[in-house]
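The values are calculated or read from the model by the stated rules, or taken from the named source; none is laboratory data. Quick caveat: nothing in here was measured; it's all calculated off a predicted structure. Backbone-built Cβ (ideal geometry, glycine too); neighbour counts: all protein chains shown.
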Amino acid sequence: MADDATVPDLSVEFAGIKLSNPLLLASGIADETGASMARAVKEGAGGVVTKSLSIQPRQGHPNPCIVEVEGGLINAMGLPNPGIEGFREEIEHYKKKTRGRAPIIASVFGSSIEEYVEASTLAEGLGVDGLELNGSCPNAKGLGLQFGQDPVVIIELVREVKARTTLPVLFKLTPNTHDIVTLARAVQEGGADGIVAINTLQAMKIDIMTARPVLTNTTGGLSGPAIRPVGVRCVFEMARAPDIRIPIMGVGGISTWEDVIEYMMAGATAVQVGTSISWGNLNVFGEMKKGLRAFLMGTGRRSIKDITGLAAGVGH
């Protein structure tokens with residue numbers, strides 16, 4: 001058995017949230033119950049993000065709402081959820097099962113800044129460790145995306161939420177923009193503690209036999225390996241911006257430990273894993289941890305923190 005002193009340290013701290021490793025379960029995948037979220041931690045995740053929650057329960061879009069395409073999935077789920085209060089038991093179950101070993105971050109959204117604020121305060125009351133403002137969902141009309149594409153609105157939204165909560169506040173950015181760095185500056189100016197990037201890309205699939213869109217919502221959000229190069233580029237651009245000082249959490253198309261390394265070298269302090277779980281299973285977290293340790297040992301590094309921003313020439 002290797003001496004503990006030679007085992008690389010995978011722990012990181014993101015926006016004041018301490019993680020045993022930089023791998024989190026992403027919002028929207030295997031996070032519908034406390035049991036499934038706790039299973040992710042058992043398999044190796046350092047933390048989890050809940051499904052996106054609203055003040056009131058929401059049914060989402062009718063089927064078909066998801067389709068597999070080359071390199072990923074297009075989903076137009078429409079943010080179905082039981083409402084924040086309806087998710088209380090799941091969070092309590094998660095915390096009981098994990099015994100506080102892994103932080104849980106609540107993803108919240110609304111149809112107005114006031115709803116975002118109320119959702120954030122309600123989620124804080126559930127005992128979560130942080131908030132992720134979903135300001136970038138591309139497939140739910142009137143929800144999310146319009147709050148994440150306007151820098152002025154982002155600043156106001158983040159400021160209002162920060163004024164009403166004591167929790168770390170993260171903002172999830174959309175890649176559906178011509179200038180993600182400007183949006184990141186707005187997130188920081190509003191007072192957010194961290195950035196999450198990226199959400200899904202707007203996409204669609206047409207059935208050539210019927211000449212109609214496959215999804216009932218027509219368009220949806222593309223996730224999976226196909227968007228990873230876009231996510232890496234976005235993280236890299238934000239990390240390279242000299243005035244962006246808050247940490248970045250990378251998400252989008254992460255399937256292997258090599259993908260984790262790529263995101264972190266681009267400038268991410270931590271990452272979220274989503275779509276690859278729907279194709280495989282939750283043991284990807286354990287496999288990624290093994291790969292990360294082997295890479296660090298093979299390159300003579302003692303801490304995962306040593307690789308953050310290497311390719312961008314910076315560190316967060």
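Residues in segment 243-298 that are β-branched (Val, Ile, Thr) and either over 18 Å from the mean Cα position of the chain (by Cα) or within 30 Å of residue 185 (Cβ to Cβ) (or both): 244, 246, 248, 251, 254, 260, 261, 269, 271, 273, 275. Pairing residues of segment 303-316 that are within 15 Å of residue 233 (Cβ to Cβ) and of a type in the set (A, V, I, L, M) with residues that are in a loop (DSSP other than H, G, I, E, B) and at pLDDT below 95, at Cβ distances under 9 Å and at least 6 apart in sequence or on separate chains, gives no pairs at all.
On the basis of being among the aliphatic types (A, V, I, L, M), buried (at least 20 other Cβ atoms within 10 Å of the Cβ) and within 20 Å of residue 183 (Cα to Cα), does residue 260 make the cut? Spelling it out, it is not the case that residue 260 is among the aliphatic types (A, V, I, L, M), buried (at least 20 other Cβ atoms within 10 Å of the Cβ) and within 20 Å of residue 183 (Cα to Cα). Kindly evaluate residue 256 against the criterion of being free of Cβ contacts under 8 Å to residues at least 40 places away in the same chain and under 26 Å from residue 283 (Cα atoms). Yes, satisfied. Within the bounds of segment 151-174, is there any residue that is among the hydrophobic types (A, V, I, L, M, F, W, C), in a strand (DSSP E or B), crowded, with 24+ Cβ neighbours inside 10 Å and in contact with a Cys (Cβ under 8 Å, 6 or more places away or on another chain)? For segment 151-174, residues among the hydrophobic types (A, V, I, L, M, F, W, C), in a strand (DSSP E or B), crowded, with 24+ Cβ neighbours inside 10 Å and in contact with a Cys (Cβ under 8 Å, 6 or more places away or on another chain): absent. Selection of segment 44-59 for residues being touching a residue at least 24 places away in the same chain (Cβ under 8 Å), part of a loop (DSSP other than H, G, I, E, B) and either surrounded by fewer than 15 Cβ atoms within 10 Å (Cβ to Cβ) or of a type in the set (Gly, Ala, Ser) (or both) yields 44, 45, 46, 52, 54, 56, 57. Going by the structure shown, is residue 83 under 16 Å from residue 102 (Cβ atoms), at pLDDT 95 or above and outside any helix (DSSP H, G or I)? So residue 83 fails the test. Remark: residue 200 falls outside the filter, which requires a residue to be surrounded by fewer than 18 Cβ atoms within 10 Å (Cβ to Cβ) and touching a residue at least 60 places away in the same chain (Cβ under 8 Å).
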